[in-house]
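S.K.: I am attaching a structure below and will ask some questions about it afterwards.
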Amino acid sequence: MGMRMDDRHGTRVNNQDIIKSIGILLKDQEEAIYAKLHVELQTQSEEIKRSFRTELRPLQNGFDRFRLDELSKYAYDPDARVTKNELTHAADVKNDLLILWKDNMYRQATFSRAFMNRYQIPVTQFAYGDLHIPTQALGAVNIRSNLQWLDTWQTCSISFINLPFERQRQFLEFKDGLRRICDRVIGAWITSTEEEIPFPDPETQETYEDLVTSYNQYQLD
């Protein structure tokens, strides 16, 4: 005899329940696998980061020593530092701050004087340990320092000496104009920190962008 209708219906219901249960089980297993995989990937990521930091530490220490040695040269005879190229000896106020903040070296008179000579701004102008320094302020400080110390921008350089008189005059005016713009941007930043106002405002931002463009495009030839 054939299966009754209610028996076939009951069988279909039971099969659907089984399929549903299997689906739930598979989903739970899938979530468990993904969770385990996520933990394993995080662990591997942390291990890779630790290994990477360990491998980089000697390089970072070497870089710190180079920057510290470079900065210390400005403590007593900064005028001897003008024969420097931009690739190796360009200003880097942010990294120099980080190095001086380590072990409170910024408190030592030699290094605080060197920083002042290098950047024409006291190290104490920067809030200790605070790296949230506006890009515009850092850029203006670095450019102003490069204008003062890098060989490219000095009147004693061969490139300058070989220029016709009129080009020399134009160069000096251009350099002085860049320095004044740097002063303006830095002054606006200092004012913003003292008066707790937003920085930069649209005008200062435009001024800074023009400064960077002019500095990067100028060729003394």
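S.K.: Return the total of residues in the range 72-120 being under 23 Å from D130 (Cβ atoms), modelled with pLDDT under 90 and among the acidic types (D, E).
M.R.: Going through the range 72-120 one residue at a time, the tally reaches 1.
S.K.: Quick check on the range 198-207. Is at least one of its residues within 28 Å of K102 (Cα to Cα) and either at pLDDT 95 or above or aromatic (F, W, Y) (or both)?
M.R.: yes
S.K.: Inside the range 130-168, can you point out the residues that are surrounded by fewer than 17 Cβ atoms within 10 Å (Cβ to Cβ) and among the basic types (K, R)?
M.R.: R167
S.K.: When you look at W189, is it at pLDDT 95 or above and buried (at least 17 other Cβ atoms within 10 Å of the Cβ), yes or no?
M.R.: yes
S.K.: Condition first: over 13 Å from D69 (Cβ atoms) and part of a helix (DSSP H, G or I). Now tell me which residues in the range 101-114 satisfy that.
M.R.: If the condition is that a residue be over 13 Å from D69 (Cβ atoms) and part of a helix (DSSP H, G or I), then W101, K102, D103, N104, Y106, R107, A109, S112, R113 are the ones that fit.
Here's the yes/no breakdown for (1) within 21 Å of the chain's Cα centre (by Cα); (2) closer than 20 Å to S112 by Cα:
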| position | (1), (2) |
| --- | --- |
| F126 | yes, yes |
| G129 | yes, yes |
| S145 | yes, yes |
| T155 | no, no |
| D176 | no, no |
| C182 | yes, no |
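S.K.: Go through the range 94-121 and give me each residue that's over 17 Å from the mean Cα position of the chain (by Cα) and of a type in the set (F, W, Y).
M.R.: Y106, F111, F115, Y119
The values are calculated or read from the model by the stated rules, or taken from the named source; none is laboratory data. Every value quoted in this text rests on a predicted model; they were computed, and no experiment measured them. With ideal geometry, Cβ positions are generated from the backbone for all residues, glycine too; neighbour counts draw on all protein chains shown.
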